[in-house]
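Visitor: If you scroll down you'll find the structure; I have some questions about it.
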Amino acid sequence: MSPATACDMASRAAAHYCDTRSLPTPSTAELAGLAYEPVVPGSGVVYLAGPFFDLAQRWIIEEARTLLVSPSAKVFSPVHEVGPGPASVVAPEDIAGLEKSDVVFAILSGLDTGTIFEVGYAVKKGMPVVGLVARFNQFERI
């Protein structure tokens, strides 16, 4: 199958698993028949949550921000909009950014407490949260 079709089938298989929590996933013919609407770029503000304390973390934040910025959507990135500093200064500004956002994109690698707080805050507000985990095995320690 073409790369585009393979990506579509992989996305449908992942969505099916998330919806049902069951394996094995259906055949490609069955997946093709499922009514999953494709995600299209939207408007609003994306809150980019994630650690940025070392070079690797900062690189991921920069890459995510670059990919998320679009003509119709804005990105609030705490490291770019607020910067580092004492929690008494940074936390209120980060929360103000969350309050103005429509969705959270959270980079969860590293189990950063600030990122986990931001995700919890967004969930409490009923905001959608999309998480990216690069190393899943770290969650086995929890």
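The values are calculated or read from the model by the stated rules, or taken from the named source; none is laboratory data. Quick caveat: nothing in here was measured; it's all calculated off a predicted structure. Cβ atoms come from the backbone with ideal geometry, glycine included; neighbour counts cover every protein chain shown. For the accessible areas, the whole protein counts, side chains as well, though only heavy atoms, and no ligand, DNA or RNA atoms are used. Shrake-Rupley method; radii C 1.70, N 1.55, O 1.52, S 1.80 Å.
Visitor: Residue separation times 0.36 nm, minus the C-alpha to C-alpha distance between residue 56 and residue 113: what's the value?
Guide: 18.8 nm
Visitor: How about the stretch 44-142: which trypsin sites (Lys or Arg not before Pro) there lie in a loop by DSSP and see at most 16 other Cβ atoms within 10 Å?
Guide: Listed in order of number, the matching sites are 100, 135.
Visitor: If one takes the longest principal axis of the Cα atoms in the chain, at what angle in degrees, from 0 to 90 and to the nearest 10, does the Cα axis of helix 113-125 lie?
Guide: Computed tilt is about 70 degrees.
Visitor: Given 0.36 nm per residue, what is the gain on full extension from residue 73 to residue 37 after removing their alpha carbon distance, in nm?
Guide: Separation in residues times 0.36 nm, less the Cα-Cα distance, equals 11.0 nm.
Visitor: Which FRET efficiency value, to the nearest 0.05, is calculated for residue 91 and residue 66 with the Förster distance at 22 angstrom and r the Cβ-Cβ distance?
Guide: 0.30
Visitor: Let me ask something else. For helix 87-99, report the angle its Cα long axis makes with the longest principal axis of the Cα atoms of the chain; keep it between 0 and 90° and round to the nearest 10°.
Guide: It is inclined by approximately 40 degrees.
Visitor: Where only protein heavy atoms count, and the probe is 1.4 Å, what is the accessible area per residue for the chain in Å²?
Guide: 65
Visitor: I've got another one for you. What is the distance, in nm, between label points placed 7 Å from the Cα along the Cα-to-Cβ direction at residue 14 and at residue 100?
Guide: 3.0
Visitor: Still on this structure, I have one more. Residue 123 label point, 7 Å along Cα→Cβ, cut-off 14 Å on backbone N: hits in the stretch 80-104?
Guide: What the label zone holds, given the 14 Å backbone N cut-off, is 104.
Visitor: Can you give the FRET efficiency to the nearest 0.05 for residue 7 and residue 45, using r as the Cβ-Cβ distance and R₀ = 22 Å?
Guide: Step by step, r from the Cβ atoms, then E = 0.25.
Visitor: Please state the charge dipole magnitude for the stretch 71-132, taken about the Cα centre, from unit charges on C-beta atoms (+1 on K and R, -1 on D and E), reported in debye and rounded to the nearest 20.
Guide: 160
Visitor: From Cα pairs below 8 angstrom and at least 6 apart in sequence, can you work out the relative contact order of the chain, rounded to a whole percent?
Guide: RCO, the chain: 21 percent.
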